[in-house]
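This report refers to the structure that appears directly beneath it.
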Amino acid sequence: DAGVHSKAWYAATCDRKTAEDALYRSSKDGSFLVRKSSGQDSRQPYTLVVFYNRRVYNIPIRFIESTRQYALGREKSGEERFDSVAEIVENHQRTSLVLIDSQNNTKDSTKLKHIVRVS
């Protein structure tokens, strides 16, 4: 279990557009939620959606079968791995999360500060 189901930041049945709209409405840097990923892929079960600098970032949360852990974004050497999605969120409420904009090739960072609920 990823530890998401009882969490205020988990929007179970929310699609990408609904999540993005909710974050744009909040328009506070560091607003976030976690939703189920659009593609039904067991290796990428969730997406962390973060608002920063008037942009919304959809960051895939990967499930690593071999270690039964979770990691953010594309696989990279030396990446941080967590035992649950809840641990990822708790970690990035304390330490900054790097946001990579692949279109503009820019990097920002923010902490996860404001939980956005999707109505």
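A few remarks follow.
- Amide hydrogen proximity for SER84: with H placed 1.01 Å from N in the peptide plane, the residues at 5 or more positions away or on another chain lying under 5 Å are TYR70.
- Ranked packing of 105-112, 44-51, 81-88, most packed first, by mean Cβ within 10 Å: 44-51, 81-88, 105-112
- Pairs of lysines in the chain (C-alpha under 14 Å apart; 8 or more residues apart or interchain): 4
- Label-reachable residues, the stretch 52-67, where backbone N falls under 18 Å from a point 7 Å from LYS17's Cα toward its Cβ: 56-58
- The residues of the stretch 16-115 have, on average, 58 Å² of accessible surface per residue, using a 1.4 Å probe with all protein chains present.
- Note on Cα extents along the principal axes in Å: of the candidates [x] 38, 31, 27; [y] 47, 34, 24; [z] 65, 26, 18, the value calculated from this structure sits at [x].
- Candidates PRO45, SER102, GLY30 compared by Cα position along the dipole of the chain: farthest toward the positive end lies GLY30, with charges placed on Cβ.
- Counted charge near GLN40, where neighbours are those whose Cβ lies closer than 15 Å (Asp, Glu -1; Lys, Arg +1): +3
- Of all accessible heavy-atom area on the stretch 16-115, the percent that carbon and sulfur account for (1.4 Å): 42
The values are calculated or read from the model by the stated rules, or taken from the named source; none is laboratory data. For clarity, every value in this text was computed on a predicted model and none was experimentally measured. All Cβ positions, glycine included, derive from the backbone under ideal geometry; neighbour counts span all protein chains shown. Just the protein is used for accessible areas: all its heavy atoms, side chains included, with ligands, DNA and RNA removed. Shrake-Rupley method; radii C 1.70, N 1.55, O 1.52, S 1.80 Å.
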